[in-house]
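**Student:** I'd like to ask you about the structure that follows.
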There are 2 protein chains.
Amino acid sequence: MILKLGGSVITQKEKPLTANLKAIERLSREISEAKVSHLILIHGGGSFGHPLAKQYALKEGYKEKSQLVGFSKTRQAMETLNKLVVDALIRQNVAAVGLQPSAFVVTSSGRISSIEQQPLGKLLEIGLVPVLYGDAVFDFDLGFTILSGDQLAAHLAMQLGASRIILGIDVDGLYTSDPKSDPSAKLIRHVTLQELRNMQHEIEEAKVTDVTRGMLGKILELMPAVEKGIPALIVNAAKPNSIYRALKGEEVTGTTIVKG
Amino acid sequence: MILKLGGSVITQKEKPLTANLKAIERLSREISEAKVSHLILIHGGGSFGHPLAKQYALKEGYKEKSQLVGFSKTRQAMETLNKLVVDALIRQNVAAVGLQPSAFVVTSSGRISSIEQQPLGKLLEIGLVPVLYGDAVFDFDLGFTILSGDQLAAHLAMQLGASRIILGIDVDGLYTSDPKSDPSAKLIRHVTLQELRNMQHEIEEAKVTDVTRGMLGKILELMPAVEKGIPALIVNAAKPNSIYRALKGEEVTGTTIVKG
């Protein structure tokens with residue numbers, strides 16, 4: 001099973017390089033209590049990764065030497081956040097091991113092209129819990145780029161034949177419109193790939209807000225895995241026990257995405 | 001060029017999990033000033049890695065579940081030390097990037113058997129300075145084990161065709177006997193593989209002290225690389241400017257090991 005925790009849940013969005021330690025501790029406890037075997041945890045960058053990656057335009061690739069120190073700093077920030085997450089898991093008796101994506105994943109034009117999965121496989125086999133993250137990685141075409149935790153989650157789910165992908169974010173799931181501005185917005189509890197493709201069309205025609213668009217970007221990353229028969233579940237990780245219930249396969253508020 | 005810094009230089013030997021920050025800062029400055037292109041830095045674990053690895057008997061491999069948390073803790077301690085080293089290098093304007101060996105190296109019975117070198121190669125190509133370290137890694141036969149920075153240095157030197165290996169430790173080099181107990185001990189400035197093999201024979205017959213034996217263990221790891229024509233230089237990294245001079249190819253007190 002693959003659990004992706006959004007950067008907006010484990011960091012404080014508005015404060016650069018500031019973790020949401022309370023959320024990290026609570027989520028670590030939920031993960032520990034769920035006792036899932038063969039779990040891969042992936043987390044986003046939030047206020048650790050995004051501001052630095054944006055400042056040095058890392059996603060666009062290597063253009064000038066001044067970006068190199070930005071690459072260094074972004075990686076260090078992600079290491080810091082990963083260390084906080086892994087330390088919290090160890091405190092909850094989860095034998096977690098941080099695994100640096102840039103050390104074993106290379107992309108081509110921003111898409112994963114090569115992944116050395118022996119250490120990751122061995123880690124799972126022994127009974128350890130790998131903790132990966134969105135990272136600044138090397139790219140055959142761009143020199144370097146940003147690899148999102150969402151792309152990593154979908155790719156590993158397909159490569160390792162995961163049973164399920166759980167995406168923990170800071171809202172309840174996918175809505176028919178933006179719930180913050182539209183009181184008639186409804187949570188979509190269940191959606192198929194075909195229905196998502198229809199929505200994608202609406203987005204391109206700008207019928208939905210930016211918030212929904214950001215969420216749909218994440219969902220589009222997961223679609224190839226869903227296409228292969230791996231269901232994805234989006235839940236609100238900011239709400240206590242949502243992640244616990246999702247990991248246990250219990251009833252939980254959220255959006256389930258299935259092939260058809 | 002490959003520079004290995006011993007754990008005894010960058011940590012405080014007698015204090016668990018305590019770095020020698022003054023030495024790390026000074027060495028970072030020396031590395032920055034030497035401006036070597038295509039440098040790989042590897043550091044040891046010292047008081048970060050060794051006490052935990054020993055407590056949980058990680059080198060001997062996976063025997064019982066209680067070791068798993070020890071694997072987690074050892075890895076976290078090495079990440080902490082690596083972060084201190086990389087942060088210090090960034091402060092000195094070196095675009096350093098930590099690279100987790102356990103994410104791309106797998107061993108068999110303690111010896112490197114598989115190494116994914118694409119990210120490392122790309123990193124060097126772009127002009128970044130990879131910073132690796134001795135690590136708790138996955139092993140095909142043992143489950144996991146400890147990979148020394150010395151083995152990693154020799155292996156990468158051969159695989160990447162390095163021009164030289166510099167080994168920075170806390171003494172001047174290899175002595176004829178233990179300089180701490182024998183006032184007639186002489187520093188060996190130059191030694192060939194054949195001369196080392198003769199010394200190895202004496203060691204097996206216990207004619208030398210434990211200190212010299214520990215040093216020879218390191219040297220034995222480097223021998224396959226020297227055999228391939230890559231000279232190794234042992235210098236005292238605790239002495240200011242030794243590493244700077246060694247990196248620049250200037251005259252410096254130490255032991256040079258050559259093929260013959």
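The values are calculated or read from the model by the stated rules, or taken from the named source; none is laboratory data. Keep in mind the model is a prediction, meaning the values are calculated, not measured. Every residue, glycine as well, gets a Cβ built from its backbone with ideal geometry; the counts of neighbours run over all protein chains shown. Each accessible area value is taken on the protein alone, full model and side chains, heavy atoms only, with ligands, DNA and RNA left out. Shrake-Rupley method; radii C 1.70, N 1.55, O 1.52, S 1.80 Å.
**Student:** Please work out the Cα center distance from the stretch A:232-260 to the stretch B:130-200, rounded to the nearest Å.
**Tutor:** So the two Cα centres are separated by 52 Å.
**Student:** Cα gyration tensor of the stretch A:1-154, axes a ≥ b ≥ c as square roots of the eigenvalues: rounded (a/c below 1.5), prolate (a/b > b/c) or oblate?
**Tutor:** oblate
**Student:** Quantify, in whole percent, the carbon and sulfur part of the accessible surface of the stretch A:2-163 (1.4 Å probe; protein heavy atoms only).
**Tutor:** 52 percent
**Student:** Would you mind getting the accessible area per residue of the protein assembly as shown, heavy atoms of the protein chains only, 1.4 Å probe, in Å²?
**Tutor:** It amounts to 41 Å² per residue over the protein assembly as shown.
**Student:** Along the stretch B:175-181, what does the Karplus equation 6.51 cos²θ - 1.76 cosθ + 1.60 (θ = phi - 60°) give for ³J(HN,Hα), rounded to whole Hz, x for Gly and Pro?
**Tutor:** Result, ordered by residue: 10, 5, 7, 6, x, 6, 10 Hz.
**Student:** Further question: Would you please report the Å³ per residue occupied by the convex hull of the alpha carbon atoms in chain A?
**Tutor:** In chain A, the Cα convex hull volume per residue is 125 Å³.
**Student:** Just to be sure I understand: if you take the accessible area of chain B alone plus chain A alone and subtract the pair, with a 1.4 Å probe, what total do you get in Å², rounded to 100?
**Tutor:** In total, this chain pair buries about 3300 Å².
**Student:** Evaluate peptide A:24-31: per residue, the Cβ atoms of other protein chains within 10 Å of its Cβ; return the mean as an integer.
**Tutor:** The per-residue average across the peptide is 0.
**Student:** Taking only DSSP H segments of four or more residues, each worth -39500 (n - 2.57), what value at 222 nm results for chain B once the sum is divided by all its residues, to the nearest 500 deg cm²/dmol?
**Tutor:** That comes out to -13000 deg cm²/dmol.
**Student:** Determine, for each peptide in A:61-67, B:79-85, the mean count of other beta carbons within 10 angstrom over its residues, then list the peptides with the highest first.
**Tutor:** B:79-85, A:61-67
**Student:** Between A:LEU193 and A:LYS248, what is the spin-label point distance in nm, taking each point 7 Å from the Cα along the Cα→C-beta axis?
**Tutor:** A separation of 3.2 nm, rounded to one decimal place.
**Student:** Could you tell me the calculated FRET efficiency between A:ASP178 and B:GLU125, based on Cβ-Cβ distance and R0 = 41 angstrom, to the nearest 0.05?
**Tutor:** With a Förster radius of 41 Å, E is 0.40.
**Student:** Continuing with the same structure: Rank by packing, highest mean first: peptides A:174-185, B:124-135, with packing defined as the count of other Cβ atoms within 10 Å averaged across residues.
**Tutor:** B:124-135, A:174-185
**Student:** Leaving out same-chain residues fewer than 8 places away, which lysines sit with a Cα under 24 Å from that of B:LYS54?
**Tutor:** In chain and number order, the partners are A:LYS83, A:LYS122, B:LYS4, B:LYS13, B:LYS15, B:LYS63, B:LYS65, B:LYS73, B:LYS83, B:LYS218.
**Student:** With an 8 Å Cα cut-off and a minimum separation of 6 or more residues, compute the relative contact order for chain A in percent.
**Tutor:** 22 percent
**Student:** Here's another thing I want to ask about it. Determine the shielding of peptide B:116-129 by partner chains: average, over its residues, the number of Cβ atoms on other chains within 10 angstrom of each Cβ.
**Tutor:** 5
**Student:** Sticking with this one: Return the FRET efficiency for the residue pair B:LYS65, B:GLU14: r is the Cβ-Cβ distance, R0 is 30 Å, and the value is rounded to the nearest 0.05.
**Tutor:** E between B:LYS65 and B:GLU14, to the nearest 0.05, is 0.45.
**Student:** Can you pull the mean other chain C-beta count within 10 Å for peptide B:98-109?
**Tutor:** The shielding value for this peptide is 6.
**Student:** Say we join alpha carbon atoms closer than 10 Å with springs in a Gaussian network model of chain A; which of A:ALA34, A:ALA103, A:ALA237 then has the biggest fluctuation?
**Tutor:** Maximum among the listed residues: A:ALA103.
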